[in-house]
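What follows is a set of notes on a single structure, which appears directly below.
The values are calculated or read from the model by the stated rules, or taken from the named source; none is laboratory data. What you see is a predicted model, and the numbers here were worked out from it, not measured in a lab. All Cβ positions, glycine included, derive from the backbone under ideal geometry; neighbour counts span all protein chains shown.
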Amino acid sequence: MSTNEENLTTGTGLPENAFRELGADEQYVPVMEPAHDQREVTPYSVITGLVMAIVFSAAAAYLGLKVGQVFEAAIPIAIIAVGLSNALGKKNALGQNVIIQSIGACSGVIVAGAIFTLPALFILQASYPDIMVEFYQIFLSSLLGGILGILFFIPFRRYFVKDMHGKYPFPEATATTQVLVSAQSAGSEGGQAKTLIVASLVGGIYDYLVATFGWWAETITSTASAAGQAVMEKTKLVLSCNTGAALLGLGYIVGLKYAFVIFAGSIFVWWIVIPLMGTYGSAEFAAMAPDAIFKDYARMIGIGGIAMAGVIGIIKSWGIIMQAVGLAARELKGKSSGAKEVRWQQDISMKHIVFFIVIALVAVLLFFWFGVISTFWQAAVAWLVVVVIAFLFTTVAANAIAIVGSNPVSGMTLMTLIIASAIFVAIGLSGTSGIVASMVIGGVVCTALSMAGGFVTDLKIGYWLGSTPKKQESWKFLGTLVSAATVGGVIMVLNQVYGFSGENALVAPQANAMAKVIEPLMMGGDTPWILYMVGAILALILNWLGVPALAFCLGMFIPLSLNTPMLVGGAVAYFVSNRSDDQAVNDARRDRGTLIASGLIAGGALFGVFAAITRFAGFEYQNPVPFETCQILGCVAYALLIIYLIWDARRAKPLTR
């Protein structure tokens, strides 16, 4: 029996110690033999990955601007990669599938970086016709931001991926890894692949039906009852929960600890801050709905908290940052260790990373000077803002993805825009030229942070499965180039066809929010500095009390309806893994639940795309079910989904060697 086969002691298809912290002398051995070369980068994997990058960049940009939510491309791409390799009869295709997923996943992160910021220029163009937007500005903003995100994160790969093994849940990486490994284990462990497929179908069909037909409520809320409505009107207090399968699975993988902290942050905003503002605030607050207070005011506290939590995270990880810088300095001086790294842990050399970073930073400076800002010293200030924020907040973005699978990139970008705009106004760069500079620069930072958060997922997947980091890192640049060109073209075309403001325009909510914030800063107006400061002070207090500030402030920033199912999923995970007196049984149930939760996420992500396409194809279904009945059916359907997850997870039996 091989080392890998000995390690496959639970029903996940991965080694038993894949998701837990390792003992003092314990080593993690990935699915693919780490010492031997594997088939990874081939014409098939590169071409397929690039096709995925183009297709999903266009689809994600269109859907994201239409509905305001960027679907995560990594999971659907992994599903397609597995399906293609099986259909083509490819043997030992796991390494190639990882490369396909890694290249193709550039689409989602580049799209998020671009559509959250750059359409704001077109939105403001309606009020200020002298604002000019060119394709090269969108393309280079996305490309250079993506490249900086890759280069800035590589020195931290070993820390986040290897040293912190088992300390972070990595929910998105877990789900994607389960999809990829299902094909590898289909022969010897067919039950794993079957469990994943069934869970994917359950989650996918469930989410598709509710999104397309609405036979039961996608979000259940306390205001559905007369008593809840009365409480909301009097105190602004509400409770809501999204009933989607994907979010339930996400909460299961995140676990009860972090899910509870995230939910606590959400409850603090929705049950304390908003009721206080609505009850004791001005008449304006009293007339506003809780959702409006959250969107326009209370959420700003969360943004300030995320920013301060990021600063705290930077301070705490300063030793890691200096360690990465020191490694680069030693390699540049020729003092690197002569020992050859095993294939599984080989990165692009730090000499090359430093060289590429210098080239990228020079390119960013030239882009700002000749393509955005005509004055060199103002371009230099803008360049400095981008470099400092993008580098330091790289670790924050990676932390957020590792904990909750959700990158607060829009919040960090909003704070970047505010800081950058304040600096630009101070140096005389304001008005429409300041708007263009701030948004393009915000696009670079947003894409860099989005890429850093997405890349930690790719590299964690590769770590669990045994891919070569150097190959993932090298080919990520090509995927970024193709995705940036595709996104730039799609945004220009969509602006011509639909526009981003006015009747029948695409929604583009994040870009509209950015435009709303940037306009008063550059054209004169009020900025909610007090709310930002409250959030920052709160993050400091949380850190002092030992509460994970970033997770708590993420809960303040993300709507309550999306945080409640995280707590439900975390509670299910705790229940499933603690009901037996036999620890081996608990572990087997936990791991089977992880596999099922991964299927719910994968199915929800894939069928969510189908649901969006169905709506865009012109299908409109007039739901005859009354609102109150939909709410009751939503509770019933959600309860059945939870029962399915618990029942199927508890069917697990510990495997013997």
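Identify, from the list 438, 467, 450, the residue that is assigned to a loop (DSSP other than H, G, I, E, B) and not assigned by TED's automatic domain parsing to the domain that holds residue 258.
None of the others qualify; the one that does is 467.
In region 278-298, how many residues are under 22 Å from residue 416 (Cβ atoms) and surrounded by fewer than 23 Cβ atoms within 10 Å (Cβ to Cβ)?
Residues in region 278-298 being under 22 Å from residue 416 (Cβ atoms) and surrounded by fewer than 23 Cβ atoms within 10 Å (Cβ to Cβ): 3 in total.
Can you find even one residue in region 66-73 that is at pLDDT below 80, in contact with a Leu (Cβ under 6 Å, 6 or more places away or on another chain) and surrounded by fewer than 23 Cβ atoms within 10 Å (Cβ to Cβ)?
Within region 66-73, one or more residues are at pLDDT below 80, in contact with a Leu (Cβ under 6 Å, 6 or more places away or on another chain) and surrounded by fewer than 23 Cβ atoms within 10 Å (Cβ to Cβ).
Considering only residues of region 579-597 that are touching a helix residue (DSSP H, G or I) at 6+ places or on another chain (Cβ under 8 Å) and not in a helix (DSSP H, G or I), which is nearest to residue 641 (Cα to Cα)?
Going through the qualifying residues, I end up with 579.
Residues being in a helix (DSSP H, G or I), of a type in the set (S, T, N, Q) and more than 23 Å from residue 550 (Cβ to Cβ): count how many of those fall in region 272-323.
1
Count, please, the residues in region 548-589 that happen to be of a type in the set (Lys, Arg) and either surrounded by 24 or more Cβ atoms within 10 Å (Cβ to Cβ) or without any contact (Cβ under 8 Å) to a residue 40 or more places away in the chain (or both).
Going through region 548-589 one residue at a time, the tally reaches 1.
Yes/no per residue for (1) more than 19 Å from residue 596 (Cα to Cα); (2) surrounded by 24 or more Cβ atoms within 10 Å (Cβ to Cβ); (3) under 26 Å from the mean Cα position of the chain (by Cα):
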residue	(1), (2), (3)
165	yes, no, yes
200	no, yes, yes
226	yes, no, no
265	yes, yes, yes
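Take residue 386 and decide whether it is under 29 Å from residue 316 (Cα atoms), modelled with pLDDT of 80 or more and surrounded by 19 or more Cβ atoms within 10 Å (Cβ to Cβ).
Here the answer is yes, as residue 386 does meet what is asked.
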